[in-house]
Structure formats: structure tokens, C-alpha cells
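Below: the structure, in C-alpha cells.
Derivation of every value follows stated rules applied to the coordinates shown; laboratory data play no part. Note that the coordinates shown come from a computational prediction; the quantities given were computed from them, not determined experimentally. Here the Cβ positions follow ideal geometry from the backbone for every residue, glycine too, while neighbour counts run over all protein chains shown.
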Amino acid sequence: MSNTLTESGSRGRAGDKVFSGIALFAGCLILFVLFCVAVFLLWQALPTFTADPAEITGGSGFWTYIWPIVIGTLIAAAIALLIATPISIGVALFISHYAPRKLSQGLGYVIDLLAAIPSVVYGAWGMTVLAPALVGPYVWLAENAGWIPIFAGPASQTGKTMLTAGIVLSVMVLPIITSLSREIFLQTPKLHEEAALAMGATRWEMIRMTVFPFARAGIISAIMLGLGRALGETMAVAMVLSGGGLIASLIKSGNQTIAAEIALNFPEAFGLRLAELIAAGLVLFVITLAVNMVARWIVSRHKEFSGAN
Amino acid sequence: MSKRIDVNDLNVYYGNFRAVEGVNINIEARSVTAFIGPSGCGKSTFLRTLNRMHEVLPGARVEGEVLLDGENLYGPGVDPVTVRSQIGMVFQRPNPFPTMSIRDNVLAGVKLNNKRISKSDADALVEKSLTGANLWNEVKDRLDKPGSGLSGGQQQRLCIARAIAVSPQVILMDEPCSALDPISTLAIEDLIEELKTEYTVVIVTHNMQQAARVSDKTAFFNIAGTGKPGKLIEYNDTPTIFNNPSEKSTEDYVSGRFG
Amino acid sequence: MSQTATRTPSPLRKNTLTKNQLPKWAIWAVLAGSLVLGAAVSSLIGFHVVGWALFSAVIFVIAGFLVTLSVEGERKAKDRFASNMIYAAFIVALVPLVSVIWTVLEKGLPGMTSNFLFTSMNGMTGVVDNETVENGTPVLGGAYHGIVGTVLITFWATVISVPVGLLTAVYLVEYSRGGPLSRGITFFVDVMTGIPSIVAGLFAAALFGLIFGPSTRTGFVAAVALSVLMIPVVVRSTEEMLKIVPNELREASYALGVRKWRTIIKVVVPTAISGIASGVTLAIARVIGETAPLLVTAGFVNSINFNAFAGWMTTLPTFIYRQLMNPTSPTNIDPSAQRAWAAALLLILIVMLLNLIARVIARLFAPKTGR
């Protein structure tokens, strides 16, 4: 009598092996692709670092070329976050804790849709609607607050300035931060909220006592995601900002971001200029990577306290 | 259609933790054997080792041997998949496949393995299995409806039908009634009584009355304390275990003094 | 018992539960006052509707705080202030978003003609546009080539991303047991989520440039760039969906003697398929509007190109960008603007449609659980 337990299709076993092999291969492919991203960008950017500094745009080496646009990128992202963060959190709170239930579901859906609007549309809106509308306020700012360096005049007559770009970016990241924060606010344990209300807390005190502590890590990671998007966003800046050298005033033409610099110059670039732009892309990659790392580090540090796993 | 199980000196480990220690037990063919004992005593873990389902959990492994009519389940070259097609299992909570109809659920074991089966054979198998699980009359008019639309007790009988459709030698049941109401429980218990004419049935239960009602033999498992491995304390005919146990802890447990 | 409790305060005449509370009308009175005051202040510096709204809002928030502070106390006042700020944030957020949608509708609708949808920009020069403006005839030329390009490039990106993303998620959820490899993949998928889209474009351009010579620009290069953006989204959403498939179903399948790979293909994935499909649809919606990576990988043309593997390609987003930034006729930019906004409207419609489809899929094909 043959052993009934050892007979059985070896075909089935082979199927298991093959399938797990394919799945493993797909996973490794992702690692490989990322490795390629890093290697190819480095390889193509290499001429920038070996070339004669005088041949680099600006005439004095890569770092002199890159640092103004790095600062420009950071300024744009900072403006975007300064505007978007408080508003997003307010909107998220409105949807999760203030609006009537029926309304809030619809609003959540609308916010998700807004997050999906392509960036080029925001860019188009920024250059045709927002920029002209802001010329007046900029002129007023230059006259009345010109002594502050960031509002130094004379104001741009097209409205295509760093501040406009920052505002457009803030409109773009607002749905992202809002929709992530809203999800976390809604996850606050009902028991905690009711405990706070039962102690006689007002709605705002309840939010400060239960919702914010619970959601802190989530809010931070939402902001960081928004920051990542603002740093890497290309089109809005490319279309809204008439770029130039680094200047302090946010209401004059000038400044530039890495992403926009690449998009505007890449189509006509070749040779060393191409290498420069790829090197700039590498710098942008490193910056966003660092932001993501910091975000993850903060989240992991706060995780144990918030209970938001 | 039914085989006996002999377990020799079986130890079960989760990583470095020994969950079950030194079990020796002989389970007769065509009988109902009940495993009873307090929570965490390793009876479910042990049950899972009888068809190698414990291997689904990472880090679980066994020492010792489990013989199905003299063939070691853990012998070299034995495929756990083959073991499981001969030793079926019914779980604590009914788990019909939500994407499949009642009919497809019954045929799942056949279809998922891509075996060719003619429509008439399939119909016959569905009817036979559902009849065997005492469910045919309740669902014969809605075989194409999703299985998750049934009541809890019906779902559990559907799961039993699904298990017997692959014509196993042994059916393992892991607390099959713990998620059911009393009437559904009664239906399952009646079914177990019928199943034993064709299958070897092993059932884990928390409910001592249930063990007394349905089983021919009963095994009592216990642990000395948390962090200690579970052990088989006593194994005997069911009336003996409940009326005249030889161990003190068995008597304490069946008379409701702990557990 | 309860009788006495309700009776005790009655001799006082004034209910202790309602003392120190503002009447309902008070807040409306504050609002009216703020509107009047706001109008006054804004007319001091030149009346403007926006200025009026802004000043009124600021005054309302401050006055509301002060009035509540004087009657109901500090805690209530803070609560009122916070509520008002939150309502204000909501309104402030609404303004630009409504403006964006309004602009797109207002400027895009007139351009949504069959001519726009079914002709390309082939042969359209500044001269044509100038004549259009001078004669007042309908705008010629359209975005057909952009629609073709968008569909083809997105199709290829999906063909690359979905198998890779799906299988990776299967590996992470079903096969890996938390080893260093799976942690590495999870980490780098996270890193990929953060890659700026322009960098993804640069990568594809650099990759193909290295293999096929510099400045290789085709639809397929763009598809590769978009895949880099799409794969992490697919992995993430599929992973989430596979994780919520109950383990009991896997065990039920194993207990029937079904092999793991068949269990995954026939039980786990079908149970999660609605979530996976909706995740994939959302991923498509995310990349279909990408502009920056296409600028550096697919180039720009005015004619229709059906071949993703040769020649430059235009997509809707790059079409919008070029029409606005480099109008066909530099002297008469209106026809170009009209085409751009019509394309923007079309693009938004596509994205919204994809989002809607994703929701419908998630709802319709969700496995029927419960009774």
C-alpha cells in the first residue's frame, strides 16, 4: 500500500513556489527601480561636479547655482504651510466636529475631490485669476508696509510673485492636510470625548483635551505630507511665478524653486545644462526624502502616547 | 471513509515557548472525541496540529508524531496540503467565503483546487454534502444566493457541508457552537451524532454538557499555571470522565469547581 | 424623588441652569453690528466688498469674544472664539476652491465643442488664431491629440504599475513575515510616495537617455515616469485591502486542502477586489493629471500620435500648460486660453469621473457580509 500522504501533485507545489517567487520578484523590482533612480540621477548629474565652475550657469560652480533656488523652494513651501496648516485644521475640525452629520459626509467627499484636481489647473487659475487680483493688495502693501523687507516695493505689476505662488501652493495642499486630519479627528475615541463633555467641558475644551492629543502625530504627518507636496510641486510655481534671482521681497518678481527651474529649462537643455538640472532634481529628491524621514521619526516618537496606531 | 489517529509524545512550540507538552492519545475511527479544559490549556492548539493548521501561524512547530492509520503526518515528504484535504476542519466562527454563493461554497474545496467536475457530478455533490450537513431542505431553493446571507447556525452547517464535500477521513471542530444560539447548537449537535457513522470527529468544546451529550470519549487538558505548557491530564470514555474520573483536577473541572 | 429634584429651584423663579447665558438673539445683534462697523471701516480706506467682508469678520470674531466674556465668562468666551475661528477657516478655505471651480466652468464651457474634442492642433498657427479673432469665427483646433496621448500614456502606466504593485502588496501581506526584506520594501515604498513628480520624470528621462541616447522622448518614457508615481499608491491601497481580509477565510481555505497561491488568487484577492479596484482607479486619477514629468519625458507636438513607443506625445495637462504659457498666436491669446480652459474642464471631468467610478466599484462589488 502506498503512502496516501506523500502522493499528491508536485504540480501544486511548483505553483506555490512560482507564485511566491513572482511576488517576491515584484517586491524586489521596486527596490531595484529606486536604486536605479538614485544611480541614474547621480550618473547623469556627475558632469556638473567635475566641470569647470565657470561653465556652470551663473559662472561660479554648482553650489552657487543651486542654493538660491533651494532657498526659493523652502520659502514657497513655508508660505504654503503657514497659510494652509491653520486653515486645514480648522476645516477638518469643522467637518469632523462642528458641521451637521449629513453635511459633513458630503464635505468630506468634496475635499477628497479637490485633492484630486490636477496641479496644472491650479496653476492656470493662479496665473489668470489670482495673480491679477493680488496686484492691488501688493501695491497697497508696498506703500504701507514697505519697510518690512518681505513687502519691499515696488510691487510686481503682474502679481506673479513668490507670495502668489505660495498662496496657490497653500490652496493645493489644503485639501491634502484637511482630508488626512479629518480622518484622524474622526478616529478620536468617542468614550474620551464623552468623558470630557461629561466633566462639563465646552466643545473647544473637549477638542483640546481629547482630539488634539490623540491626533497630534497624525496632524504632524499630514503637515509633512503637505510639505512634501509643496516642495516638489512644479506646475503651480512654474506658471504663477515670474522667476529671477534670490530677493527678500515676496511681492516683486524674483526667486525660483528647483522644480519650476527644471520644468522651465529642461525641454531646451542639453549637455552640461542637462546635467545641472538633473543634479538640481537630485537635490530636491534629497530634501523631500529628509522631510519624509523627519515626519516618520516624529510620528514614531509620538505613537505610543497618542494611541493612534 | 474514516481513519484512526494515534498521537505519540507530541510537543507543540510557539518559537521557544512550549505550548503543549507530551501528549499521547489514540482516537478511534467512527467515533466522536471531545477535548475539554480551561481556556488557554492548549486544546485548540493541539487540535490544529492534527491537520497541520498550526503551521499557518509563524513560529509554530511540533515534535513527536501524529499517525493517520499508521502514516505519520509529519513524516518526510508529507505535504501539509494533502494532510488537510484528508483531515477537514470547522472553525469557531462560521466563515463561508463571502464572494461565493452557497453552491460555490460547498464546491470550494473542489473548485479552488481546479479539479474538473461535470455539472451533474457537482450537483450531486452539493446535494449530498448539504444533505449530510442537514441543510439541504433549508437552502435548496437559493443555492445561488451568497452564503453570508444565512443565519449563524446555517452558516456553520454550510461550513460543515463544505468540509465534508472534499470527503475527508477526519473532521476536526474547534468550538463549532460557541458563536451560535441554543437552537442552532442543537442542530449542530444532532449533525455531529450523524457524522460519526461515516467520519472520525474530534471536537473542542468549552461546554461540558455538550461534551457529555455528543462524545464517546473525552480528553481533559489542563495547565499548571500561566507560562506553563498545557498537558493531557486524562483520556477515557465520556461517562467515566464525567462520573468517575481518576484525577482530582478532572473531577474539580467537570464538577464546575474551576475553569 | 425626581419630583423633589425638579421642585427645589422653582421658588427662585430664575432657573439656575440658564443664568448667565446670552439670549439667542444676542449673537445676531453682534453680527449686524459688525457688518455696519465693517462697512464703515472699509469705506475709510476705499470701499470694497472683499474689504468689507474681511473687516466685518474680524470685528465679529472680536466682538463675539468680548460680549461672551462679559456675560458668560472666560471659558465660554474661548469656546465661542474657537468656534468662530473654525467657521472662518472653513469660509476662507471655500473661497479659492469655489473660485477655481467657477473659473474652470466659466472659461471652459464655451470651448467644449465637438471641434475641440475631435481635432488636433495640426496646422494651427498664429495666423489661424489671428483670423479667428478678426472675423469672430469659432475657435479652430482642439485637444484630440492630447486626449489620445493622455489615454495611451495612462494605459501604459497602468499596465506597468498594477501587476507590480499588486504582487508587491501580496508579497508584503501574504508571504513576508516581517523580515528585513519586507521592512525594506515597505520603507522604500514610503520613500517612493514622497518622490516629487518632476524627479520621477527626470529618472525616466535619464534612464532612457542612457539606453537610447540623450533626449529620447516617447509616450512610453512618460508611462515609466508615471509608474514610479503610481506603484506606491497601488501597493499601499492593495496592502490595506488585503490586510482587512479576515484570516478565518484563509484558514477555511487551507483547511480544505487548498494551496496557498490558489487561496490567495481565489479567496483573498476576490474578497478584496472591490477595494483594490477602487484603489487602482484612484491611482489612475492621481497620475492622469500629472504635468511636470510629462514635460521632461514626452515632449510636445501638435499632431496626433498613436504610437507610444516612437515620437513625441502631448497629453491634456501639457496641452493646457503650453497653450497658456506659449499661446499659438502671441498677439491674440484668447483662442489659446479658451482651448486651455476647455482642456482643464475636460481633465477635471475625467478625474471626477474616475473618483466616482472608484466609489461605485467600492460599493457595488463589495462582498456581501452580514445578513
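Tabulated data for the structure shown
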quantity	calculated
Largest-first principal axis extents, alpha carbons of the stretch C:103-223, Å	71, 37, 22
Of B:Lys43/B:Lys228; B:Lys43/B:Lys217; A:Lys160/A:Lys252; B:Lys111/C:Lys243; B:Lys111/C:Lys260, pairs whose Cα-Cα distance is over 19 Å	B:Lys111/C:Lys243
Pairwise centroid distance, computed over Cα atoms, of the stretch B:61-86 with the stretch A:216-260, Å	63 Å
Values of log10 I(q)/I(0), in the order q = 0.12, 0.13 Å⁻¹, for the stretch A:39-180 under a Debye, Cα-only, solvent-free model	-0.72, -0.81
The stretch C:17-126: trypsin sites (Lys or Arg not before Pro) falling in loop per DSSP and having at most 16 other Cβ within 10 Å	C:Lys19
Cα-Cα separations in chain B greater than 24 Å, expressed as whole percent	47 percent
Of the DSSP H helices in chain A, those whose Cα atoms cover at least 27 Å axially and whose Kyte score averages 1.6 or more	A:62-93, A:162-186
Residues whose placed amide H lies under 5 Å from that of B:Met89, excluding near-sequence neighbours	B:Leu172
Of the trypsin sites (Lys or Arg not before Pro) in the stretch A:220-309, those whose Cβ has at most 13 other Cβ within 10 Å and which sit in DSSP loop	none
D (Stokes-Einstein, µm²/s), Kirkwood Cα radius, the stretch C:144-364, 1.002 mPa s at 20 °C	113 µm²/s
The stretch A:145-206-the stretch C:148-188 distance, computed between alpha-carbon centres (Å)	33 Å
Charge dipole (chain A, unit charges on Cβ, about Cα centre) - positive-most of A:Ser96, A:Leu31, A:Gly59	A:Ser96
For chain C, size of Cβ-based charge dipole, Lys and Arg +1, Asp and Glu -1, in debye	1880 debye
Chain C: DSSP helices with Cα axial extent of at least 30 Å and average Kyte-Doolittle hydropathy no lower than -0.5	C:24-44, C:49-72, C:74-108, C:144-170, C:219-243, C:334-364
Which of C:Ala143, A:Gly123, A:Ala269, positive extreme of dipole for the protein assembly as shown (C-beta unit charges)	A:Gly123
Helix B:182-195 vs. chain B, principal-axis angle (Cα, 0 to 90°, nearest 10)	90 degrees
Neighbouring partner chain Cβ atoms per residue of C:319-325, average, 10 Å criterion	4
Calculated diffusion of the protein assembly as shown, Stokes-Einstein form, Kirkwood radius summed over Cα pairs, 20 °C and 1.002 mPa s, µm²/s	65 µm²/s
DSSP-loop chymotrypsin sites (Phe, Trp or Tyr not before Pro) across the stretch A:217-301, with at most 16 other Cβ within 10 angstrom	A:Phe270
Pairs of Cα atoms farther than 23 Å apart, chain A, %	67 percent
Gap separating the Cα centres of the stretch C:39-81 and the stretch C:213-234, nearest whole Å	52 Å
Radius ratio Rg over Rh of the stretch C:309-371, counting only Cα atoms, Kirkwood formula for Rh	1.31
Placed amide H near B:Ala60: partners under 5 Å, 5+ positions off or other chain	B:Gly15
Inter-chain Cβ neighbour average for residues A:82-90, partner chain, 10 Å	3
Translational diffusion coefficient (Stokes-Einstein; Kirkwood radius from C-alpha pairs) of the stretch B:1-53 at 37 °C, 0.692 mPa s, in µm²/s	270 µm²/s
Over the protein assembly as shown: helical MRE at 222 nm, DSSP H runs n ≥ 4 each giving -39500 (n - 2.57), nearest 500	-20000 deg cm²/dmol
Hydrodynamic radius of the stretch C:21-110 per Kirkwood, over alpha carbon pairs, in Å	14.7 Å
Helix B:102-111 vs. chain B, principal-axis angle (Cα, 0 to 90°, nearest 10)	70 degrees
Gyration tensor (Cα) of chain C, equivalent ellipsoid semi-axes in angstrom	50, 40, 18
Leading residue at positive end of dipole, the stretch B:162-205 (Cβ point charges), from B:Ile171, B:Ile203, B:Ser184	B:Ile171
